[in-house]
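The values are calculated or read from the model by the stated rules, or taken from the named source; none is laboratory data. Because the structure is predicted, anything quoted here is derived from the model rather than measured. Glycine also receives a Cβ, built like all others from the backbone with ideal geometry; neighbour counts cover every protein chain displayed.
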Amino acid sequence: MSQTEDRPRFYEGQYLAAADLMAAVDYTCTQRARLLVGAHRWGIALGMDLTEVPGPNSTLDVVIQPGYAWDGFGRPIVVPEPAKLSTALFASFDSLFVPSKPPPPPVPVDVWIRYDEARGRGPKPGFETCDSAAAFSRVSERFAVEVGPRTEPAGLRDPIEIAGRTIDAAQALRTFDPSAPELVDASVPQQTLPGDGEHALWLLPLGVVLYQPGSPGKFVTRDDVALSRHAQSRQYCGVVAGSIEATSGVVRVHDRGKPYSTAFTDELLWVEGDLRCDGNIRLYNSRLELMPSHTANTPMPFHVLRMDDPAKGSASMTLVIGDKSAGHNKLVVGPKTGADKTGTDVHPRMVVTDNGNVGIGTSAPAANLDVRGDVVASGDVRFAGLSALGTGTQVRVVWGAVAANGAVAAGDGFTVQKLPGPGRYQVDFATAFTGQPTIVVTRVHLLLTADSGTSVTASETAVVDEVLSDRAVVATADTAGALADGGFTFIAIGPR
């Protein structure tokens, strides 16, 4: 097994040289760097935003706010106090300005920060050594700023070294395994870190400013497009972990710039803000619950769940809209206008109530299916019992065709009795009307399904002899008006 690190150790009576003390310092710095880039993604931990502040003579200054970050080599970058950006850094963009032409539009410019250091506290006069280059007792850790586009890895960071091989950090896993995936976050704790005094480049994006080229150029206020690009370009530190252990039973995902929620519920994961998912969401043996508030003690159930019946080999998706059947709870489908997130500006187009009514074109359906507006059917429409809405009364329609022998030739919802004597039939309704219906009858010549041609006798008649709520009597006659057996058709319309 190869040896990776030498940890300094001291003993009584040991002669300590500068190299021994430097080894202790280097070991501490190395382990700190490995911890930073091993357990985290490199980036900004706090602050370091680019803010616009008024400058002298109605100008605009851009300031790097105090903050802390670390780069991909695990080196700390500290901005201890507000640092104003110098427009001299942007001088290369002033070439876009031509005095004889209209001024060019403002240019969005990327701003980067990097680790920098300088040696200090050399030996006092008279104590210098021949090798004075290494004779200093302090290293000043500081930062430097760069601006402009950086599109290639070589311009963003120097390669890292792993086991004597030099490679870009994003390809670290492929050093000895070409089939390994790319390391997108480029945080590599096992690298050989830069030694004391070695300059290694690693740029950290701070965001974007708007620079107006000129003679001289100046900063201008960022528009919405520039602010969006600024927010997207900044890189914050992240957490690298295979699991999160909740010590108090709760893991909270929270915007650091907003107050914590004061509501306490018993879920394992709290997301205090909007949730974005670019992949699928799967719920196993559970349901999606829609809650009215954090404080509801016994909230009305509104949830979606999958219900399986292994015995039948079937499954259903169930939408629960409350725990009552009074018609007050609804599933509403319709467009939403405005920015109101409460949903009060939704315009219902279809409504399903908890008592089983469905409304189209109405938010208060009064029947199992209540359609307010035209209905277009491209296929057959079949009714077990046809009902219509009359003037203040719901009605039912029963229709049929009866052969001369009393057999039902068409229709349903009724039976027929052949009464004694010729030409008399009793039609019994399967469900009685709630009041007396109206019946219209028409005589059928010979057979309902036969075309008699020119032998049809139009003087054959059929009349209604009796109408009650549960039955009717129909009489048929021949051409002389005498009762005679004959087929007929009828329509009965009455209150339900």
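Is it the case that region 205-213 has a residue that's in the same structural domain as Tyr27 (by the TED database), farther than 30 Å from Ala118 by Cβ, in contact with a strand residue (DSSP E or B) (Cβ under 9 Å, 6 or more places away or on another chain) and modelled with pLDDT of 95 or more?
Checked region 205-213: at least one residue is in the same structural domain as Tyr27 (by the TED database), farther than 30 Å from Ala118 by Cβ, in contact with a strand residue (DSSP E or B) (Cβ under 9 Å, 6 or more places away or on another chain) and modelled with pLDDT of 95 or more.
Considering Val220, Val304, Val253, which residue is assigned by the TED database to the domain that holds Leu36 and modelled with pLDDT of 90 or more?
Step by step, each of Val220, Val304, Val253 is checked, and only Val220 is assigned by the TED database to the domain that holds Leu36 and modelled with pLDDT of 90 or more.
Please state which of the following conditions Cys130 fails to meet, knowing it meets all the rest: (1) surrounded by 12 or more Cβ atoms within 10 Å (Cβ to Cβ); (2) at pLDDT below 90.
For Cys130, the failing item is (1).
Being over 27 Å from Glu52 (Cβ atoms) and modelled with pLDDT of 85 or more, is that true of even one residue in region 102-115? So that I can check it myself, show each step before the final result.
Within region 102-115, the first condition is being over 27 Å from Glu52 (Cβ atoms), and the residues that meet it are none.
Looking for residues that are over 27 Å from Glu52 (Cβ atoms) and modelled with pLDDT of 85 or more, one finds none in region 102-115, hence no.
Show the residue pairs that are 6+ apart or on different chains and have beta-carbon atoms under 6 Å apart, the first residue being within region 54-66 and touching a residue at least 24 places away in the same chain (Cβ under 8 Å), the second being assigned to a strand (DSSP E or B) and among the hydrophobic types (A, V, I, L, M, F, W, C).
Leu60/Phe219; Asp61/Val53; Val62/Leu50; Val62/Val209; Val62/Phe219; Ile64/Val79; Ile64/Ala83
Restricting to region 144-182, count the residues that are within 25 Å of Val109 (Cα to Cα) and of a type in the set (Ser, Thr, Tyr).
1
Inspect region 218-240 for any residue being surrounded by 12 or more Cβ atoms within 10 Å (Cβ to Cβ) and under 30 Å from Leu331 (Cα atoms) and give the result as yes or no.
Among the residues of region 218-240, not one is surrounded by 12 or more Cβ atoms within 10 Å (Cβ to Cβ) and under 30 Å from Leu331 (Cα atoms), which makes the answer no.
Among the numbered criteria (1) touching a Gly at 6+ places or on another chain (Cβ under 8 Å); (2) among the hydrophobic types (A, V, I, L, M, F, W, C); (3) over 26 Å from Pro82 (Cβ atoms), which single criterion is violated by Ala231?
Unmet condition: (3).
Please identify the pairs in which a residue from region 132-157 that is under 12 Å from Ile113 (Cα atoms) and in the same structural domain as Leu85 (by the TED database) has its Cβ atom under 7 Å from the Cβ atom of a residue that is among the basic types (Lys, Arg) and at pLDDT 85 or above, counting only partners at least 6 apart or on another chain.
Sorted first by the residue in region 132-157, then by its partner, the pairs are Phe143/Arg114; Ala144/Arg114; Glu146/Arg114; Leu156/Arg150.
From the residues in region 353-365 that are among the hydrophobic types (A, V, I, L, M, F, W, C) and out of contact with any Gly (no Cβ under 8 Å at 6 or more places or on another chain), which one is nearest to Leu331 (Cα to Cα)?
Val358
Can you name every residue in region 171-196 that is surrounded by fewer than 18 Cβ atoms within 10 Å (Cβ to Cβ), among the hydrophobic types (A, V, I, L, M, F, W, C) and either in a helix (DSSP H, G or I) or touching a Leu at 6+ places or on another chain (Cβ under 6 Å) (or both)?
Leu173, Ala180, Leu183
Quickly run through region 245-254 and pick out the residues that are on the phi < 0 side of the Ramachandran plot and exposed (fewer than 10 other Cβ atoms within 10 Å of the Cβ). Working first, answer last.
Let us first name the residues in region 245-254 that are on the phi < 0 side of the Ramachandran plot, namely 245-248, 250-254.
Those that are on the phi < 0 side of the Ramachandran plot and exposed (fewer than 10 other Cβ atoms within 10 Å of the Cβ): Glu245, Thr247, Ser248.
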